[in-house]
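I have placed the structure first, in the form of structure tokens, so that the comments after it can refer back to it.
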Amino acid sequence: MSELAGSHVVVVGAGHSATHAVLRLSELARRSPGTQVTWVPRRGSATNVFGGGLGDELPERAALGSRARKMIDEGLVNLVTGFRVAEFRQDGGSLTIVAEDGAAVTDVAHVFALTGFRPDTEMLREVRTDLDPAFDAVAGIASEIDPNIHSCGSVSATGARELAQPEHGFFIVGVKSYGRAPTFLAMTGYEQVRSVTAHIAGDHEAAARNELVLPDTGVCGGSGDFDDNAGSCCAAPAPALVQIGLRPVTVS
């Protein structure tokens, strides 16, 4: 981390990984005043960037968003919302990041792109599977975990029936069952495993039973399109933010 001191660092993404990176970099900016940190999520609303706050029933996750907001309020991090990256341009020894609408962040030395991931299904090449082409999620649960509609606190419980694959006796559970959808919680996976285990043991009544109670996130919707058009479905919409922070950043 020390090698980033004194440079302009940009974090792209709006999930928990991006938030953790922003917090670590804000600590560096506090220690090394010449360090500039810019956060460019594509989401147009800060409501979904910072999470549900007091409306989030997972206190540590709520604290994560609150800490990030505090770093921005202190001027250690510049937040530019609604920034959909279109290209990177090399300008001598630095980068310029250009958005779809033509806005640009200039004089960038380092970029952390924390924009999600997808499961590696290479080991399943010779196994019959049914995966959603958009999310790489199990097809039977794709509509229930769609991040354009759901947050991780509003998804439905999924069990053996939805997770079963065309390969006899084969199930995909846990985070891999969600593919690229960012709405997974560990307790969702625990319920999946409980249901599948009951099915394998022959207790089909228990396998079909829903024992999952999810905490409220205080905010819904995972994609930029969702919060641009509909705001939050779980909390009152917050005013749109274009830029917060005291440290100047070039956005043209």
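The orientation-averaged shadow of the Cα convex hull for region 63-103, equal to a quarter of the hull surface, comes to 4.0 nm². Backbone geometry of region 27-37 corresponds, through the Karplus equation with coefficients 6.51, -1.76 and 1.60 at θ = phi - 60°, to 3J(HN,Hα) couplings of 5, 5, 5, 5, 6, 10, x, x, 7, 10, 10 Hz, x marking Gly and Pro. Between residue 121 and residue 148, full extension at 0.36 nm per residue minus the direct alpha carbon distance yields a gain of 7.4 nm. Computed over protein heavy atoms with a 1.4 angstrom probe, the accessible surface ordering of 135, 83, largest first, is 135, 83. Report the calculated FRET efficiency for residue 205 and residue 16 (r = Cβ-Cβ distance, R0 = 35 Å), to the nearest 0.05. Efficiency, from the Cβ-Cβ distance: 0.45.
Here the convex hull built on the C-alpha positions of region 63-146 has a volume of 185 cubic angstrom per residue.
The values are calculated or read from the model by the stated rules, or taken from the named source; none is laboratory data. Everything numeric here is computed off the predicted structure, so don't read it as measured data. Backbone-built Cβ (ideal geometry, glycine too); neighbour counts: all protein chains shown. The protein model used for the area step is the full one, side chains on, heavy atoms only, and it has no ligands, DNA or RNA in it. Shrake-Rupley method; radii C 1.70, N 1.55, O 1.52, S 1.80 Å.
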